[in-house]
1. Among the residues of region 28-47, write down those that are at pLDDT 95 or above and part of a loop (DSSP other than H, G, I, E, B).
2. Residue by residue through region 48-65, note down the ones that are over 21 Å from Thr11 (Cα atoms) and either in a helix (DSSP H, G or I) or in contact with a Leu (Cβ under 8 Å, 6 or more places away or on another chain) (or both).
3. Looking at Glu18, Glu14, which is the one that is farther than 21 Å from Glu66 by Cβ and either open to solvent by less than 50 Å² (accessible area, probe 1.4 Å) or in a helix (DSSP H, G or I) (or both)?
4. From the list Tyr56, Tyr44, which residue is surrounded by 10 or more Cβ atoms within 10 Å (Cβ to Cβ) and out of contact with any helix residue (DSSP H, G or I) (no Cβ under 8 Å at 6 or more places or on another chain)?
5. Which is open to solvent by 40 Å² or more (accessible area, probe 1.4 Å), of a type outside the set (S, T, N, Q) and modelled with pLDDT under 95, of Glu66, Glu76?
6. Exactly one of these conditions fails for Asp9: (1) loosely packed, with under 11 Cβ neighbours inside 10 Å; (2) part of a helix (DSSP H, G or I); (3) of a type outside the set (S, T, N, Q). Give me its number.
7. Looking at (1) in contact with a helix residue (DSSP H, G or I) (Cβ under 9 Å, 6 or more places away or on another chain); (2) open to solvent by less than 90 Å² (accessible area, probe 1.4 Å), which is the one condition that is false for Lys30?
Amino acid sequence: LDGRDYLLDTTLEELETELSPKTFFRVSRKFYININFIKDIISYTNSRLQIKLNSYKEQEVIVARERVRDFKVWLE
């Protein structure tokens, strides 16, 4: 929201129990994304998707191949 990073002393698995599944989706082992910050979705190699976010440009955010189907359902 404000362009700053925040450190959390928790695992993504622990964080998942606190996040709303309507708003947040775990696209890979590294990333959860907020549906409200998706700017674009681009086809990527090996049947994966690349997500462009409104405020995050430091790393590529790629939907893991095994999560693509669930991701598309989540978007509906």
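1. none
2. Those that are over 21 Å from Thr11 (Cα atoms) and either in a helix (DSSP H, G or I) or in contact with a Leu (Cβ under 8 Å, 6 or more places away or on another chain) (or both): Ser55, Arg65.
3. Values: Glu18 fails: either open to solvent by less than 50 Å² (accessible area, probe 1.4 Å) or in a helix (DSSP H, G or I) (or both).
Answer to the selection: Glu14.
4. Result of the check over Tyr56, Tyr44: Tyr44.
5. Among Glu66, Glu76, only Glu76 is open to solvent by 40 Å² or more (accessible area, probe 1.4 Å), of a type outside the set (S, T, N, Q) and modelled with pLDDT under 95.
6. Every listed condition holds for Asp9 apart from (2).
7. Lys30 satisfies every listed condition except (2).
Listed here are the residues, each with its yes/no results for (1) of a type in the set (Gly, Ala, Ser); (2) in contact (Cβ under 8 Å) with a residue 12 or more places away in the chain.
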{"residue": "Ser28", "(1), (2)": "yes, yes"}
{"residue": "Phe37", "(1), (2)": "no, yes"}
{"residue": "Ser47", "(1), (2)": "yes, yes"}
{"residue": "Gln50", "(1), (2)": "no, yes"}
{"residue": "Glu60", "(1), (2)": "no, no"}
{"residue": "Phe71", "(1), (2)": "no, yes"}
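The values are calculated or read from the model by the stated rules, or taken from the named source; none is laboratory data. Source: prediction; values computed, not measured. Glycine gets a Cβ as well: all are built from the backbone with ideal geometry, and neighbour counts include every protein chain shown. Please note that ligands, DNA and RNA were not included when accessible areas were found on the heavy atoms of the full protein model with its side chains. Shrake-Rupley method; radii C 1.70, N 1.55, O 1.52, S 1.80 Å.
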